[in-house]
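K.L.:
The structure that follows is given in the form of structure tokens.
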Ligand code: GDP
Ligand code: IMO
Ligand code: MG
């Protein structure tokens, strides 16, 4: 039995969806443990593309139960839409194989309004959020005024809570942001209209995990975003509002830290980031454009162009430690094809000194200069390789050097978006 956590080791969009989908073939349960519909996880199987925002990436495997843990903030309308789309394609998304923790917090319309209104007001200091209401929903959870999934089964409690929280939010919306106030009854009515469809999905996620573990089954824990978007350990304040590190797989799904056997960090063979914030190895020249176009680096959730740059092993070394990573899955190695020279950032120059770790003061990462090592590129098309030995020697050397620099082994190399374009080491 293996209980494996999969997290993004960079700034998101590393290819977690693909890796979780692949590993779900051998798992009877896949659990999402944080984030919300800010995530966009892409899977390509038999030429067909699926983008998931909330439903765990194990859903394409008929035998896999998919659960949304308490650590997720769930937009009920997005969930139902996503389930409907999958159902139209003939997939079973019945409550027999899909569940939502009763403790998960719900994203309501005022969360999305506040998210957008705040971003609009932040002129010059925008975080570049996805506008999905993630931050405001987590704020309510911590402020103890959140609406939890189970509340939709208790209309009078739900109405009470919405009324209470809107007392404050309507003042913000109206006075500060010049939005129309929201009528608490309308908000509650809209949510309750979805209740008959949502209630059958509500479940005790901890109990379901317990039962699967007792049967000795393999369980996967699917992270969203990436380590450097973590609310504590990321490039604050240019981060998301949840803990994206592996430790949150425990509290975000309701198991203890000793439950896990393996933690895999997914990393691209280069680096990307969407939204604002420091990015030491960002390429603003033709090489950056080359990576963006060859890698189709446009957001799966918002369609925004992703910023692209060289591989940064300072941030990956930090990821190894912050998450106790046992191994890495390296994706998009194929995208590097035809670049004559590959650069790997091995350290930073910070205030005139060589620095192997991320400086922690706000703004400091904007000022570092990457120290690069250069390696020869490769010209051969590797998208059909299924074994490590089939890769050109320059590509193998790149992966081996990466292993040394990040301090963990690479156990999966992905050479294309499709399931079969994967090398298991
Ligand atoms: P996630 O959020 O971590 O699941 O990643 P996204 O789905 O947002 O972005 C990853 C993108 O890269 C998707 O379009 C995938 O289909 C694609 N992808 C994943 N692995 C590979 C790979 O090895 N090569 C190429 N060319 N594309 C890949
Ligand atoms: P997946 O799971 C990449 C970024 C946003 C913004 C910051 C805060 O697909 O890897 P938020 O809406 O969360 O308050 O935005 O975080 N961001 C992501 N970037 N991949 C994601 O998810 C992201 N989810 C949020 O662009 O910079
Ligand atoms: Mg994504």
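K.L.:
Could you grab me the full set of residues in the stretch 38-57 that are under 18 Å from residue 76 (Cα atoms) and more than 11 Å from ligand 3 (Cβ to nearest atom)?
P.N.:
Those that are under 18 Å from residue 76 (Cα atoms) and more than 11 Å from ligand 3 (Cβ to nearest atom): 54, 55, 56.
K.L.:
Keeping to the stretch 287-329, report how many residues are more than 13 Å from ligand 2 (Cβ to nearest atom), within 17 Å of the chain's Cα centre (by Cα) and more than 15 Å from residue 403 (Cβ to Cβ).
P.N.:
Looking only at that region, the number is 3.
K.L.:
One residue is enough: does the stretch 18-30 have a residue meeting the conditions at pLDDT 95 or above and under 19 Å from residue 235 (Cβ atoms)?
P.N.:
No - not one qualifying residue is present in the stretch 18-30.
K.L.:
Then there's this: From 363, 407, 384, which residue is more than 16 Å from ligand 3 (Cβ to nearest atom) and modelled with pLDDT under 95? Reasoning before the result, please.
P.N.:
Values: 407 fails: modelled with pLDDT under 95; 384 fails: modelled with pLDDT under 95.
So the residue among 363, 407, 384 that is more than 16 Å from ligand 3 (Cβ to nearest atom) and modelled with pLDDT under 95 is 363.
K.L.:
Please identify the pairs in which a residue from the stretch 152-171 that is outside any helix (DSSP H, G or I) has its Cβ atom under 7 Å from the Cβ atom of a residue that is at pLDDT below 95 and surrounded by 14 or more Cβ atoms within 10 Å (Cβ to Cβ), counting only partners at least 6 apart or on another chain.
P.N.:
That search, which allows pairs on different chains as well, returns nothing.
K.L.:
Sort through 302, 240 and tell me the only one that's outside any helix (DSSP H, G or I), out of contact with any strand residue (DSSP E or B) (no Cβ under 6 Å at 6 or more places or on another chain) and surrounded by fewer than 20 Cβ atoms within 10 Å (Cβ to Cβ).
P.N.:
302
K.L.:
Please determine whether any residue of the stretch 147-167 is at positive phi and in the same structural domain as residue 120 (by TED's automatic domain parsing).
P.N.:
No, the stretch 147-167 contains no residue that is at positive phi and in the same structural domain as residue 120 (by TED's automatic domain parsing).
K.L.:
In addition: Applying the selection to the stretch 253-271, what residues are closer than 20 Å to residue 318 by Cβ, outside any loop (DSSP other than H, G, I, E, B) and either more than 13 Å from ligand 2 (Cβ to nearest atom) or modelled with pLDDT under 95 (or both)?
P.N.:
Hits for the stretch 253-271 are 257, 262, 263, 264.
K.L.:
I'm told residue 78 meets every condition in (1) buried (at least 23 other Cβ atoms within 10 Å of the Cβ); (2) closer than 29 Å to residue 178 by Cα; (3) outside the structural domain of residue 161 (by TED's automatic domain parsing) except one. Can you identify the failing condition by its number?
P.N.:
(1)
K.L.:
Can you confirm whether residue 13 is surrounded by 24 or more Cβ atoms within 10 Å (Cβ to Cβ) and outside any loop (DSSP other than H, G, I, E, B)?
P.N.:
No.
K.L.:
Okay, next question. What are the residues in the stretch 330-360 that are at positive phi and either crowded, with 24+ Cβ neighbours inside 10 Å or within 19 Å of the chain's Cα centre (by Cα) (or both), if any?
P.N.:
332
K.L.:
So, one more: Select from the stretch 142-151 the residues that are assigned to a helix (DSSP H, G or I) and in contact (Cβ under 8 Å) with a residue 40 or more places away in the chain and list them in ascending order.
P.N.:
Hits for the stretch 142-151 are 149, 150, 151.
K.L.:
Out of 363, 407, 389, report the one residue that is surrounded by fewer than 16 Cβ atoms within 10 Å (Cβ to Cβ), over 19 Å from residue 319 (Cβ atoms) and within 26 Å of the chain's Cα centre (by Cα).
P.N.:
Exactly one residue qualifies, and that residue is 363.
K.L.:
OK, next. In the stretch 25-55, which residue that is within 14 Å of ligand 2 (Cβ to nearest atom) and in a strand (DSSP E or B) is surrounded by the most Cβ atoms within 10 Å (Cβ to Cβ)?
P.N.:
Among residues in the stretch 25-55 that are within 14 Å of ligand 2 (Cβ to nearest atom) and in a strand (DSSP E or B), the one surrounded by the most Cβ atoms within 10 Å (Cβ to Cβ) is 32.
K.L.:
Give the stretch 56-90 a look and list any residue that's within 16 Å of ligand 2 (Cβ to nearest atom) and within 16 Å of residue 23 (Cα to Cα), or say none.
P.N.:
Within the stretch 56-90, 56, 57, 58, 59, 66 qualify.
K.L.:
Exactly one of these conditions fails for residue 105: (1) surrounded by fewer than 20 Cβ atoms within 10 Å (Cβ to Cβ); (2) touching a residue at least 12 places away in the same chain (Cβ under 8 Å). Give me its number.
P.N.:
Residue 105 satisfies all of (1) surrounded by fewer than 20 Cβ atoms within 10 Å (Cβ to Cβ); (2) touching a residue at least 12 places away in the same chain (Cβ under 8 Å) except (1).
K.L.:
Ok, one more. For the stretch 385-425, which residues satisfy the criterion of being over 12 Å from residue 333 (Cα atoms) and assigned to a loop (DSSP other than H, G, I, E, B)?
P.N.:
386, 387, 407, 408, 419, 420, 425 - these are the residues of the stretch 385-425 that are over 12 Å from residue 333 (Cα atoms) and assigned to a loop (DSSP other than H, G, I, E, B).
K.L.:
Another question, if that's okay. Checking the condition within 17 Å of residue 14 (Cα to Cα), within 16 Å of ligand 1 (Cβ to nearest atom) and not assigned by TED's automatic domain parsing to the domain that holds residue 331, which residue from 222, 297 passes?
P.N.:
Exactly one of 222, 297 is within 17 Å of residue 14 (Cα to Cα), within 16 Å of ligand 1 (Cβ to nearest atom) and not assigned by TED's automatic domain parsing to the domain that holds residue 331, namely 222.
K.L.:
Does the stretch 272-284 include one or more residues that are over 27 Å from residue 125 (Cα atoms), outside any strand (DSSP E or B) and away from ligand 2 (no atom under 16 Å from the Cβ)?
P.N.:
No, every residue in the stretch 272-284 fails to be over 27 Å from residue 125 (Cα atoms), outside any strand (DSSP E or B) and away from ligand 2 (no atom under 16 Å from the Cβ).
The values are calculated or read from the model by the stated rules, or taken from the named source; none is laboratory data. This one's a predicted model, so the numbers in the text were calculated from it and none came from an experiment. A quick note on method: Cβ atoms are made from the backbone with ideal geometry, for glycine too, and the neighbour counts reach across all protein chains shown.
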